[in-house]
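Okay, so here's the structure we're looking at.
The values are calculated or read from the model by the stated rules, or taken from the named source; none is laboratory data. Because the structure is a prediction, the values reported are computed rather than measured. Don't worry about glycine lacking a Cβ; one is built from the backbone with ideal geometry, like all the others, and counts go over all protein chains shown. What goes into the accessible areas is simple: the full protein's heavy atoms, side chains included, and nothing from ligands, DNA or RNA. Shrake-Rupley method; radii C 1.70, N 1.55, O 1.52, S 1.80 Å.
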Amino acid sequence: MNTMLWSGVIGFTIAISLNTITLAAFDSSTAEFFSPNWWSAWFPAYAVWIVLAITGLGLKLSR
């Protein structure tokens, strides 16, 4: 289950990178961290990757 942990970490890193690039390059209102539009556009991606990483970490530590 080490794959699940690494998938979560890599996915979370990509989501943060895309959010930061979108904020810097396109100045999108949905890319502003913790703005009302950010919650609907970016929070689901962060939540999915964090849950995947925590699940992978839990499975790794339970062995």
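Worth a mention:
- Hits in the stretch 21-47 - residues which are in contact with a helix residue (DSSP H, G or I) (Cβ under 8 Å, 6 or more places away or on another chain) and either modelled with pLDDT of 95 or more or open to solvent by less than 70 Å² (accessible area, probe 1.4 Å) (or both): 22, 23, 28, 29, 30, 31, 35, 38, 41, 42, 45, 46
- From 59, 18, 5, residue being part of a helix (DSSP H, G or I), surrounded by fewer than 16 Cβ atoms within 10 Å (Cβ to Cβ) and touching a residue at least 24 places away in the same chain (Cβ under 8 Å): 59
- The set of residues in the stretch 33-55 being outside any helix (DSSP H, G or I) and small (Gly, Ala, Ser) consists of 35 alone.
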